[in-house]
1. Filter the stretch B:231-257 down to the residues that are surrounded by fewer than 22 Cβ atoms within 10 Å (Cβ to Cβ) and over 23 Å from B:Gly157 (Cβ atoms), then identify the one that is nearest to the other protein chains (Cβ to nearest Cβ).
2. Out of A:Leu14, A:Leu27, I need the residue that is within 9 Å of the chain's Cα centre (by Cα) and farther than 28 Å from B:Asn203 by Cα. Which one?
3. Looking at this structure, is B:Ser70 outside any helix (DSSP H, G or I) and in contact with a helix residue (DSSP H, G or I) (Cβ under 6 Å, 6 or more places away or on another chain)?
4. Test B:Thr91 against the stated conditions and say whether it is farther than 15 Å from B:Leu226 by Cα, of a type in the set (Val, Ile, Thr) and either at pLDDT 95 or above or outside any helix (DSSP H, G or I) (or both).
5. Scan the stretch B:49-62 and tell me whether some residue there is part of a helix (DSSP H, G or I) and at pLDDT below 90.
6. Taking B:Ala268 as meeting all but one of (1) more than 8 Å from chain A (Cβ to nearest Cβ); (2) closer than 19 Å to A:Arg41 by Cβ, write down the number of the exception.
7. Scanning for something in contact with a strand residue (DSSP E or B) (Cβ under 7 Å, 6 or more places away or on another chain) and surrounded by fewer than 15 Cβ atoms within 10 Å (Cβ to Cβ), does the stretch B:62-83 turn up at least one residue?
8. Among the residues that make up the stretch A:12-24, is at least one of them in contact (Cβ under 8 Å) with a residue 24 or more places away in the chain and of a type in the set (A, V, I, L, M, F, W, C)?
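The values are calculated or read from the model by the stated rules, or taken from the named source; none is laboratory data. Since the model is a prediction, treat every value here as computed from it, not as a measurement. Because the Cβ atoms are built from the backbone with ideal geometry, glycine has one as well, and the counts that use them run over all protein chains shown.
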Amino acid sequence: MSVMLINLFFLGPLAYLAAARPSWGALLFVLSFSVLALVARCLRAGEMPD
Amino acid sequence: MSLVHAGLLVLAWLLSTVLTYILLRYAIRQGVLDNPNERSSHSVPTPRGGGLGIVLATLVVAVVLHRTGSVSTRLLLALGGGGLLVAATGTWDDLRTIPARWRFPLHLMASAGAVALLGGLPPLRFGSAVVDLGWIGHILAVLAITWLLNLYNFMDGIDGIAGGEALTVAGIGGGLFALAGQWPPAILLWAMGAAAVGFLHWNWPPARIFMGDGGSGFLGYAFGVLALAGAREPCHIWPLAILLIAFVADATVNLIRRVISGQKWYTAHCNHAYQHAARRWAIARSR
């Protein structure tokens, strides 16, 4: 399942970084939200490669 | 983590596996089926409501942890009281569709109760600044938990996605809480993850049973409550919030897009990014 892979290999490390560096938490939240919102937009528009 | 905690995780997994099977048999006997329509990602009538196995398994572990003194009464009431209200509302909606004007106030009530029991939204860290949002923060926390439980329900549209999200978010989130020494939310998260494994045994594609609104609403609500419970230090709300972004980003962007384009944002649709991806994958596989 792609959502599990995203959590394991992208959001998991970012969450670990946010826990280790508390002052980066909000920034990492905005960054990860932006990246996944962009991916969602591309998927909806059918622009992702097969 | 003690041997008792490890045993409780095994108990959550076993309970969820067995309860989901019992719910599967019950749903078939009683005709509680999700019939496919033009928005569906499935093609055969499939039993629903299996997520109640996760709800019951998680709450049994929470009660045992409370009895051993590991979980406070306030956290048990927030998770159990509000969680049961959310799960009951969702199950009621699964059996007999109830209008949003009834569902929404019940969701708000559960979220507000949890925020009040857990002492509201703690100060948040933004860079080097620690900001206490006060009453605005408490209201934002209520709205965030309400949105989280609803979006989790919206995102439960293909086999294994909600269970897979629960397993990975709970597993990693529990690990991060444990590293920070916050054992009560850590063990509860791991119990939810173990229960999700039991449910996924029956929900992995091709699913033999769906989660239903009761289970998906409970999972979103529980993640919100446990993020709040673990956020007593300014740093600890962000890690779990980041872990939930895959669901939050898709559902939130979709909601904003529908509101801006003047569509009825509260009606069911199949326009989430994951649904587009699933359709493309199905087409590619059939070639």
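1. B:Cys235
2. From the options A:Leu14, A:Leu27, the qualifying one is A:Leu14.
3. Details: outside any helix (DSSP H, G or I): yes; in contact with a helix residue (DSSP H, G or I) (Cβ under 6 Å, 6 or more places away or on another chain): yes.
For B:Ser70, the condition - outside any helix (DSSP H, G or I) and in contact with a helix residue (DSSP H, G or I) (Cβ under 6 Å, 6 or more places away or on another chain) - is met.
4. So B:Thr91 does not fit the description; no.
5. No; the residues of the stretch B:49-62 include none that is part of a helix (DSSP H, G or I) and at pLDDT below 90.
6. (2)
7. In the first step, residues of the stretch B:62-83 are kept if they are in contact with a strand residue (DSSP E or B) (Cβ under 7 Å, 6 or more places away or on another chain); the result is none.
No, the stretch B:62-83 has no match at all.
8. First, pick out the residues of the stretch A:12-24 that are in contact (Cβ under 8 Å) with a residue 24 or more places away in the chain: none.
No - not one qualifying residue is present in the stretch A:12-24.
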